[in-house]
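Peer 1: Right, I'll just put the structure down here and ask away after.
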Amino acid sequence: MSTVTFIDRMRAASARRGGVRIALALARWIAMLVITFTGLLAITFFIGRKIPIDPVLAILGDRASASAYAAARLRLGLDKPLIDQFLIYARDVLHGNLGISLLTANPVIDDVRRVFPATLELATLSTFIGVTIGVPLGVAAAVRHNRIVDHVARVIGLAGSSVPVFWLALMGLLLFYARLHWVSGPGRIDPLYDGMVDTRTGSLLIDSLIAGEWDVFENAFSHIALPASVLAFYSIAYLSRMTRSFMLEQLSQEYVTTARAKGLPERRVIWRHAFGNIAVPLLTVIALAYSYLLEGSVLTEIVFAWPGIGSYLTGALLNADMNAVLGSTLVIGATFIALNLLTDALYRVFDPRAR
């Protein structure tokens, strides 16, 4: 056997082993996705069944006759064993059927499609503000350890962990809307501008820019500025605290001392060497912060009358609309799972050690 043939065979064998590793990794990823989603589905369903709310009475009312009650119970499949009800529910969910909302009389999936973009827009803008301010603040706090910037960052982190979001939202409305008139009040847009731009992306800011409607953009931005800033405050607190912790650990490493001893510029040591080593774990932190904003903006949406999934979920709970409650919870949970899996994939892409 010639040397060239041997090398070619070795390369082919290596390629096959690489393909097998990729296939196994993909299979594990899919299995993890299926198991996690099934667990979310089961927890959502069984908690919904254990809540002391009778879905039949929620539909028919307290004065329904016994025959009507029995017929509705039969139609909803509530006479079947619990495991059979779960299998029916899982089949419907896989087909995109989350049931009919009692509050709006629309399919829950249609309601979610209508309200979720508002929450997505609010959380995305809040995360952008949080990353833009929180990450540089955390880096500066670590570089100037135990100085004024560090103390400011720690105070912001402490406030973000202790100040209730509804109180901060109410104080923001009182100061910036009622007193200073810097921003618009509750809601997503004034009724005058409602429906002036076609919904393409679900974001009023982006859709108004695409349509060239600057008045609509200005009004929409005036409405979202305050709730996004309130949520961004907590994102800034979390991201600055985590960034500071990561950077303090890296700045104490020997490679940083060596880089400084070689005479490298301080800016390069901080941002290219130290920050470069925390960029990948920081990506995970940012994704988690974004996920928390998507699922944790309920109180903010209530205070600002923001027509997102948080307000929709709250209204469903107050009206015993269990289809809407379960559907909204499932969508939020699925979004959280998807973001975590995406972060894990990006982690493996950007960090060769994780492969």
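Coordinate-derived values only; no laboratory data. Computed from a predicted model, the values in this text were never measured in an experiment. Cβ coordinates were reconstructed from backbone atoms using ideal geometry, including for glycine residues, and neighbour counts include every protein chain displayed.
Peer 1: If I take all pairs of Cα atoms in the stretch 96-218, what percentage of them are more than 26 Å from each other?
Peer 2: 46
Peer 1: How many angstrom lie between the C-alpha centres of the stretch 299-317 and the stretch 137-196?
Peer 2: For the stretch 299-317 versus the stretch 137-196, the Cα centre distance is 19 Å.
Peer 1: Any idea what Rg and Dmax come out to for the stretch 71-117 if you just take the C-alpha atoms, in Å?
Peer 2: For the stretch 71-117, the Cα-based Rg and Dmax read 12.5, 37 Å.
Peer 1: Let me ask something else. Count charges around Gly187 for me, please; just the other residues with Cβ under 13 Å from its Cβ, Lys/Arg as +1, Asp/Glu as -1.
Peer 2: -2
Peer 1: Based on the alpha-carbon set only, what is the convex hull volume of the stretch 216-343 divided per residue, in Å³?
Peer 2: Normalising the Cα hull of the stretch 216-343 by residue number yields 137 Å³.
Peer 1: Over all alpha-carbon pairs in the stretch 112-354, figure out the percentage whose distance exceeds 29 Å.
Peer 2: Of all Cα-Cα distances in the stretch 112-354, 39 percent exceed 29 Å.
Peer 1: Identify which of Tyr69, Tyr292, Tyr238 has the largest mean-square fluctuation in a Gaussian network model of the chain, with springs joining Cα atoms closer than 10 Å.
Peer 2: Comparing Tyr69, Tyr292, Tyr238 in a Gaussian network model of the chain, the most mobile one is Tyr69.
Peer 1: Sticking with this one: Along Cα→Cβ, 7 Å out, is where each label goes; now give me the distance between the ones at Ala71 and Glu254 in nm to one decimal.
Peer 2: Label-label distance for Ala71 and Glu254, simple model: 8.2 nm.
Peer 1: Expressed in nm to one decimal, what extension gain is obtained for the pair Ala64 and His181 from 0.36 nm per residue of sequence separation less their Cα-Cα distance?
Peer 2: 37.0 nm
Peer 1: Across every pair of different alpha-carbon atoms, what Kirkwood hydrodynamic radius in Å does the stretch 158-229 reach?
Peer 2: Result for the stretch 158-229 stands at 13.3 Å.
Peer 1: To make sure I understand, if each residue's beta carbon is the centre and we count other beta carbons within 10 Å, what order do Ile30, Ile133 fall in, fewest to most?
Peer 2: Ranking Ile30, Ile133 by Cβ neighbours within 10 Å, fewest first, gives Ile30, Ile133.
Peer 1: Given the options Arg154, Arg114, Arg260, state which has the largest fluctuation in a GNM of the chain using a 10 Å cut-off (strictly under) for Cα springs.
Peer 2: Taking springs between Cα atoms under 10 Å, the residue moving most is Arg260.
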